[in-house]
Amino acid sequence: MNPETRNLVAAICLSMSVLIGYQLLFVDPQKELYQQQNIVKDSTDTSNIPLPSNSDNGIVGVENSDKADESTVVPRVSMLTKEASGSISLKGARIDDITLTQYRETLDPESDLIKLLLKSNGKTPYFIEFGWSNSDGVKVPNGKSVWKSSSNLLTPDKNITLSWDNEEGITFYQDISVDDTFMITVKQRVENNSKQAVTLYPYGLIRRAGEPETIDFFVLHEGPLGVFDGTLSEKSYGDLTEAGKKGIIVKPTEAGGWIGLTDKYWMTALLPDQEEKFNFTFRKLSSNGGQYQTDFLGNAITVAPNSKGEFLSRTFAGAKRLALFDDYEQRYNIKHFDLAIDFGWFYFLTKPFFYALSWANDYLGNFGLAILAITVVVKLVFFPLANKSYKSMAKMRVLTPQIQKLRERVGDDRQKLNQEMMNLYKKEKVNPAAGCLPILIQIPVFFALYKVLFVSIEMRQTPFFGWIKDLSVQDPTSIFNLFGLLPYSTTILPDFLNIGIWPLLMGVTMFLQQRLNPTPPDPIQAKIFAWMPVAFTFLLATFPAGLVIYWTWNNLLSICQQWVIMNKMNKETK
């Protein structure tokens with residue numbers, strides 16, 4: 001194997017190591033250690049907090065105490081904020097109806113608004129519930145209990161109080177308030193006017209009927225997740241199916257933590273008092289086609305006769321906006337709430353990259369222009385390193401005729417050819433592997449931008465100019481209908497064949513950039529490099545348009561930089 005081929009193989013291996021090394025060396029070992037120390041797959045361990053014996057009284061409860069009959073009249077309290085609308089069912093005191101009023105299913109302004117939570121008496125219930133569990137037979141409210149409300153409307157300026165009397169001298173209350181966006185605060189109160197003390201365990205749960213449709217892409221997590229002891233824990237729906245009702249119990253050693261269910265852009269989460277420890281559980285309830293549940297169970301609260309007890313919880317149900325998560329994290333001391341957004345292995349790079357794009361967007365008024373501007377900034381940061389690399393490549397191009405003469409003179413003696421080439425490189429102070437450096441520099445930035453475009457709701461349905469109406473999806477044009485000039489659709493074709501205008505521009509700029517590079521002396525290597533622009537054109541045809549725009553613009557900047565250096569080197573050589 002000659003030096004050029006070895007350099008190509010080394011570059012590919014090094015590129016892959018950048019992508020997976022961090023995951024293998026740091027993320028996976030930490031997750032495995034954390035799971036071994038904190039996760040117990042056996043809910044019969046009740047040494048800390050006992051699970052209730054009455055299934056209709058507790059956290060697992062009946063899987064859906066209402067039959068799927070949307071025609072059933074259920075008393076409700078309306079809810080309205082600046083970004084959400086919906087209602088709370090007084091039967092079970094369930095938050096089971098939330099519509100996100102600022103987000104639609106598609107770019108069509110007449111398309112449906114995003115419905116996040118679905119009514120518990122519907123066919124596919126998805127709801128949040130808070131309550132009390134006990135093991136000594138005290139009657140507590142459950143999914144069939146009908147509560148009374150102090151008002152029929154809940155807004156950021158108007159709180160409500162729900163109440164339920166167990167007719168045994170104990171009254172349960174829920175003081176509910178909402179902010180302008182997606183955070184709901186629930187203070188559970190108990191007034192014990194009976195003649196005996198009662199011991200209760202506060203709980204909260206999120207229950208979702210059936211497994212939702214997911215993108216099923218390895219770079220994005222959709223499903224159960226939570227942060228315990230400051231560490232992110234992600235579970236698949238398959239993990240919950242395997243665990244069943246026993247569930248996957250997490251007993252953190254530190255106070256705080258949160259648990260929930262996430263989609264790509266939307267999430268529901270339970271955020272109990274961050275100053276206490278809780279048992280968190282991921283589980284699947286088997287009947288009714290299967291319902292997935294995440295929940296927490298708090299420590300015992302003993303309420304003496306003629307006294308009161310209370311417990312504060314919060315729940316999030318809305319869009320996964322990073323600035324909003326950061327604000328909640330600081331305001332309520334929620335550890336790593338921003339990890340709900342799947343920024344991936346390069347989190348330390350992706351999050352600052354997102355904020356840089358947001359800052360540029362605030363000034364330029366367009367995320368596409370922000371991508372172009374940040375690309376220039378990245379180029380300037382790495383300019384000295386890239387400049388050195390391009391100079392080495394320019395020298396390699398000058399040396400190409402000499403290398404060709406060496407091949408003709410040495411013939412098939414590869415050992416002597418390699419020795420002569422290495423002597424030539426050493427004499428001319430040229431690093432043949434330097435050409436790989438710009439690509440290696442781009443990989444982390446490329447991956448970080450890809451994650452930002454793929455997972456950030458701020459990029460969703462964000463336009464650029466012309467035909468690009470959404471930077472987070474692939475270029476909608478296709479070469480097979482002449483980019484929309486011919487009156488037929490190409491949606492029946494696989495995505496990688498629907499090559500749009502921007503992927504073609506990327507392929508052209510990549511080809512032009514390669515023309516400035518020295519031709520590899522090895523014929524096999526030369527063919528590989530010659531076909532790379534074609535392969536990347538098909539590959540990036542399926543990528544978000546914003547990412548292809550970045551890659552094209554980056555190629556143009558590299559071409560300009562290389563052209564200047566090549567001209568300067570040619571003049572010096574002459």
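The values are calculated or read from the model by the stated rules, or taken from the named source; none is laboratory data. Please read all numbers here as calculations on a predicted model, not as lab measurements. Cβ: placed from backbone, ideal geometry, glycine included. Neighbour counts: every protein chain shown. The area values use the complete protein model at the heavy-atom level, side chains included, leaving out ligands, DNA and RNA. Shrake-Rupley method; radii C 1.70, N 1.55, O 1.52, S 1.80 Å.
Only a single item in (1) of a type in the set (A, V, I, L, M); (2) crowded, with 16+ Cβ neighbours inside 10 Å; (3) modelled with pLDDT under 95 is not met by residue 176, and it is number (3).
Residues in the stretch 527-564 that are buried (at least 21 other Cβ atoms within 10 Å of the Cβ) and more than 34 Å from the chain's Cα centre (by Cα): 562 alone.
Using the structure shown, decide if residue 351 is touching a residue at least 12 places away in the same chain (Cβ under 8 Å), assigned to a helix (DSSP H, G or I) and either polar (S, T, N, Q) or more than 30 Å from residue 233 (Cα to Cα) (or both). In short, no.
If you check 533, 521, 503 for being at pLDDT below 75 and either farther than 20 Å from residue 554 by Cα or assigned to a helix (DSSP H, G or I) (or both), only one passes: 521. The single condition among (1) among the hydroxyl-bearing types (Ser, Thr, Tyr); (2) open to solvent by less than 40 Å² (accessible area, probe 1.4 Å); (3) farther than 30 Å from residue 456 by Cα; (4) in a loop (DSSP other than H, G, I, E, B) that residue 135 does not satisfy is (2). Contact map, the stretch 290-303: first residue among the hydroxyl-bearing types (Ser, Thr, Tyr), second residue open to solvent by 10 Å² or more (accessible area, probe 1.4 Å) and not in a strand (DSSP E or B), Cβ cut-off under 6 Å, separation 6 or more or different chains; pairs are 302/197. When 241, 253 are screened for being open to solvent by 30 Å² or more (accessible area, probe 1.4 Å), of a type in the set (Val, Ile, Thr) and assigned to a helix (DSSP H, G or I), only 241 passes. Contact annotation: residue pairs with Cβ atoms under 9 Å, 6 or more positions apart or on different chains, pairing a residue in the stretch 62-89 that is open to solvent by 60 Å² or more (accessible area, probe 1.4 Å) with a partner that is at pLDDT below 80 and part of a loop (DSSP other than H, G, I, E, B), are 68/288; 72/66. On the stretch given as the stretch 312-340, residues that are open to solvent by less than 40 Å² (accessible area, probe 1.4 Å) and in contact with a Leu (Cβ under 9 Å, 6 or more places away or on another chain) total 13.
Assessment of the stretch 438-461 against the conditions (outside any helix (DSSP H, G or I), modelled with pLDDT under 75 and not hydroxyl-bearing (Ser, Thr, Tyr)) yields no matching residue. In this structure, is residue 270 open to solvent by less than 30 Å² (accessible area, probe 1.4 Å), among the aliphatic types (A, V, I, L, M), at pLDDT below 95 and farther than 30 Å from residue 473 by Cβ? No: the conditions fail for residue 270. Kindly check whether there is at least one residue in the stretch 155-164 that is part of a loop (DSSP other than H, G, I, E, B) and either small (Gly, Ala, Ser) or farther than 30 Å from residue 327 by Cβ (or both). The answer is no; no qualifying residue exists. Selection of the stretch 192-211 for residues being surrounded by fewer than 18 Cβ atoms within 10 Å (Cβ to Cβ) and farther than 25 Å from residue 117 by Cα yields 193, 194, 195, 196, 197, 199.
Quick check: is even one residue across the stretch 144-154 closer than 22 Å to residue 278 by Cα and either modelled with pLDDT under 95 or of a type outside the set (Gly, Ala, Ser) (or both)? Looking for residues that are closer than 22 Å to residue 278 by Cα and either modelled with pLDDT under 95 or of a type outside the set (Gly, Ala, Ser) (or both), one finds none in the stretch 144-154, hence no.
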